[in-house]
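Worksheet for the structure shown next.
The values are calculated or read from the model by the stated rules, or taken from the named source; none is laboratory data. This one's a predicted model, so the numbers in the text were calculated from it and none came from an experiment. As a convention, Cβ positions derive from the backbone with ideal geometry for all residues, glycine included, and neighbour counts pool all protein chains shown.
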Amino acid sequence: MTKSVSAAKGSQIQRRLIPSYIFLTIVSIFSVFPLFWMVTAATNTSLEVAQGKIWFGTNFGQNYANLIAQDNLWQAMGNSFLYAIVQTLASLLICSLAGYGFELYHDKGKDFLFGVLLLAMMVPQVATLVPLFTMISRMKLLNTVIAFILPALSTPFLIMMFRQNSRNFPIDTMEAARIDGLSEIGIFFRMYFPMMKSTYAAAAVIVFMNAWNSYMWPRTVMKGSAVKTMPILIANMSNGYAVDYGMLMLGVLFCSLPTILVFFILQKQFAEGITGSVK
């Protein structure tokens, strides 16, 4: 009798969830469709893309040949990887040190400084573009990796993220390590870093995507084909009177794949890091 009642309740719950499943399925289709259309458009001719064809074609090879003939695709891809990886590693180190210090070495002065830092989040990037360019130009750092990563080495959002997640770091463990003679730097690298892996993973996804998709700042300080990044290459392809949409969508596909792969590889750690979990 009890089993039959439980089965009846389970079936009722499942029937109630059917509208939710239908709604989520429809939303998922609409969400995935732009990605699907990008992939199919990369295999079609420019005319077929303009006509709205949404299925796979046979022009992938020709689109690829046109793409590498028009510009140095793999050099731009290598530049983007180099800049994004260097910026990610440097930003994670600096922002995690700042968040660690703001939370675990707490005082009123640091709270005031952190409030000033948060105010910087309200300043748009465009407002700082000219003074940053002037500074980089006077330092003779144009067309260098340092010019690309310097403005994004320390961001208020990442510092705030590390500070908030540092509140879950066990203070007792840190004090025990001090009693055992471990230095402050040793506590950070040997204890804090391993226990905050999920936060580092979430921050790495955010920084890598921002660095990879950055356009305005690299366009300002990186001149010449030798230092061109993927977003700049894609923007150059869309200029002009006649645009080859098949080739353009193939370029967009190449530009999108690294960020998609990074997110799918680190999606579990990303979710844990956003929620502030500590292991």
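Being over 22 Å from Leu113 (Cβ atoms) and part of a loop (DSSP other than H, G, I, E, B) is the filter here, so list the residues in segment 125-161 that pass it.
Matches in segment 125-161: Met139, Lys140, Leu141, Leu142, Asn143, Thr144.
When the residues of segment 226-251 are narrowed to those that are hydroxyl-bearing (Ser, Thr, Tyr) and either at pLDDT 85 or above or in contact with a Leu (Cβ under 9 Å, 6 or more places away or on another chain) (or both), which ends up nearest to Asn143 (Cα to Cα)?
Here the answer is Thr229.
Cβ-Cβ distance below 9 Å, separation of 6 or more or different chains: which pairs start in segment 221-235 with a residue that is over 16 Å from Ala211 (Cβ atoms) and end on one that is of a type in the set (Phe, Trp, Tyr)?
Once the first residue is over 16 Å from Ala211 (Cβ atoms) and sits in segment 221-235, its partners that are of a type in the set (Phe, Trp, Tyr) give Ala235/Tyr215.
Which pairs turn up if I take residues in segment 157-178 that are among the basic types (Lys, Arg) and look for partners that are in a helix (DSSP H, G or I) and surrounded by 14 or more Cβ atoms within 10 Å (Cβ to Cβ) with beta carbon separation below 7 Å, at least 6 apart in sequence or on another chain?
Correct list of pairs: Arg163/Gly99; Arg163/Phe102; Arg163/Glu103; Arg167/Glu103.
Taking the condition under 30 Å from Arg163 (Cβ atoms), assigned to a helix (DSSP H, G or I), of a type in the set (D, E, K, R) and out of contact with any Leu (no Cβ under 8 Å at 6 or more places or on another chain), does Glu48 pass? Show your work before the answer.
Numbers: under 30 Å from Arg163 (Cβ atoms): no; assigned to a helix (DSSP H, G or I): yes; of a type in the set (D, E, K, R): yes; out of contact with any Leu (no Cβ under 8 Å at 6 or more places or on another chain): yes.
No: the conditions fail for Glu48.
Looking at segment 262-277 only, could you name the residues that are in a loop (DSSP other than H, G, I, E, B) and either modelled with pLDDT of 70 or more or surrounded by 18 or more Cβ atoms within 10 Å (Cβ to Cβ) (or both)?
Leu266
Can you run down the residue pairs with Cβ atoms below 6 Å, 6 or more apart or on separate chains, where the first is in segment 27-48 and small (Gly, Ala, Ser) and the partner is assigned to a helix (DSSP H, G or I) and surrounded by 12 or more Cβ atoms within 10 Å (Cβ to Cβ)?
From segment 27-48, the pairs are Ala41/Val49; Ala41/Met249; Ala42/Met249; Ala42/Leu250; Ala42/Leu253; Ser46/Tyr245; Ser46/Gly246.
Here are Phe148, Phe189: which of them is in contact (Cβ under 8 Å) with a residue 12 or more places away in the chain and among the aromatic types (Phe, Trp, Tyr)?
Phe148
Given the criterion of a type outside the set (D, E, K, R) and either surrounded by fewer than 16 Cβ atoms within 10 Å (Cβ to Cβ) or not assigned by TED's automatic domain parsing to the domain that holds Pro218 (or both), identify the matching residue among Met161, Met135.
Met135
Would you please list the contacts, defined by Cβ atoms under 9 Å and residues six or more apart or on different chains, that run from a residue in segment 64-84 that is surrounded by 14 or more Cβ atoms within 10 Å (Cβ to Cβ) to a residue that is modelled with pLDDT of 90 or more and aromatic (Phe, Trp, Tyr)?
Filtered contacts from segment 64-84: Ser80/Trp212; Phe81/Trp212; Tyr83/Trp212; Ala84/Phe208; Ala84/Trp212.
Looking only at segment 164-222, how many residues end up being in contact with a Lys or Arg (Cβ under 9 Å, 6 or more places away or on another chain) and in a helix (DSSP H, G or I)?
9
Output yes when any residue across segment 107-124 is surrounded by 13 or more Cβ atoms within 10 Å (Cβ to Cβ), touching a residue at least 60 places away in the same chain (Cβ under 8 Å) and part of a helix (DSSP H, G or I), and no when none is.
Looking for residues that are surrounded by 13 or more Cβ atoms within 10 Å (Cβ to Cβ), touching a residue at least 60 places away in the same chain (Cβ under 8 Å) and part of a helix (DSSP H, G or I), one finds none in segment 107-124, hence no.
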